[in-house]
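Below is one structure, written out as structure tokens; the observations come after it.
The values are calculated or read from the model by the stated rules, or taken from the named source; none is laboratory data. The model shown is predicted, which means the values in this text are computed figures rather than measured ones. All Cβ positions, glycine included, derive from the backbone under ideal geometry; neighbour counts span all protein chains shown.
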Amino acid sequence: MDVALAQLHVEGAAVDANVDRAVAAVEEAAAAGADLVCLPELFNVGFFAFEAYRDLAEPLDGPTLSAVRDAAVDAGVAVLAGSVVEDLAATDGGPADEGLANTSVLFDAGGDRLLAYRKHHLFGYESAEAELLTPGEAVPTADLGGFTAAVTTCYDLRFPELYRGLVDDGVDLVLVPSAWPYPRVEHWTLLPQARAVENLAYVAAVNGSGDFGDAELLGRSTVYDPWGTPVASTGDQPGVVYADLDPGRVASVREDFPALDDRRR
């Protein structure tokens, strides 16, 4: 499966411009042969635009996700819309009667919603995310391109027990939309690689690029293979990163180095 990580320039609260860039990236990546295009965390609002969360929250059938879904259908490519501020009360059949969530949605090439993941671990360190949002509870998976795929979001990378649960669910590809800022470059390069190594799975971490005044996203979107080797990456400027992912690679690594069989529960 050919995967594209769309490292977008994200402007705080500039939804129309941000969504236009996302749609253009989907079209560009599909034209280049991608089967799956991944967008960064809060690509439409901007993670650090906390004051705009309530006003710009949307249900899962709102304008942002509808535009991304339409782009996926028009381009004939699966898309991870990762993520938007979801208005839980406005989402039909949603998990809560009120509140906001940081929600990623995976669409297949036909526009069907394969999963919706609500970020579990909300950042509280010098951040308003934990005050404004409701953490998710479910960790859904989806069959995609020969993989069992799941989504986690940014800060989730610091909590390895979440990923162990994914292994138990048969996951071999984890997509990680993020809004990771300077100066924590070393953490950004270490944590997704560690999650790949310890779980013998692909980890595709897509970050944004943009300056929010008090914070600047550091980019460096990267795909790690099940051995923890970076197979595709980029710098801190906007761009699209491409990688060819092979489900057989996961099975081969897990057979050659069966560390997961030695777990003591």
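A few notes on this one:
- Whenever a residue of segment 116-141 is within 13 Å of Tyr53 (Cα to Cα), its partners that are in a loop (DSSP other than H, G, I, E, B), lying with C-beta atoms within less than 6 angstrom and at least six residues away or across chains, give the pairs Glu129/Leu122; Glu129/Phe123; Ala130/Leu122; Ala130/Gly124; Leu133/Leu122; Thr134/Gly99.
- Selected residue (criterion: surrounded by the fewest Cβ atoms within 10 Å (Cβ to Cβ)) from residues of segment 7-19 that are part of a helix (DSSP H, G or I) and touching a helix residue (DSSP H, G or I) at 6+ places or on another chain (Cβ under 9 Å): Val15
- Just one residue in the set Ala149, Ala89 is touching an Asp or Glu at 6+ places or on another chain (Cβ under 6 Å) and aliphatic (A, V, I, L, M); that residue is Ala89.
- Some residue of segment 89-96 being buried (at least 24 other Cβ atoms within 10 Å of the Cβ), β-branched (Val, Ile, Thr) and either closer than 14 Å to Ala150 by Cα or in contact with a Leu (Cβ under 6 Å, 6 or more places away or on another chain) (or both): no
- Scanning segment 56-88 for residues that are among the hydroxyl-bearing types (Ser, Thr, Tyr) and assigned to a loop (DSSP other than H, G, I, E, B) turns up nothing.
- The sole residue among Arg54, Arg69 that is among the basic types (Lys, Arg), touching a strand residue (DSSP E or B) at 6+ places or on another chain (Cβ under 9 Å) and more than 22 Å from Ala24 (Cβ to Cβ) is Arg54.
- Taken across segment 245-256, residues that are hydrophobic (A, V, I, L, M, F, W, C), surrounded by fewer than 16 Cβ atoms within 10 Å (Cβ to Cβ) and modelled with pLDDT of 95 or more do occur, with at least one present.
- Residue within segment 9-32 that is over 23 Å from Leu114 (Cα atoms), at pLDDT 95 or above, of a type in the set (Val, Ile, Thr) and more than 14 Å from the chain's Cα centre (by Cα) present: yes
- A search for C-beta distances below 8 Å between a residue of segment 84-111 that is in contact (Cβ under 8 Å) with a residue 40 or more places away in the chain and farther than 19 Å from Val176 by Cβ and any residue that is of a type in the set (D, E, K, R) and in a strand (DSSP E or B), counting only pairs 6+ apart in sequence or on different chains, returns Pro95/Arg118; Leu100/Glu86; Leu100/Asp87.
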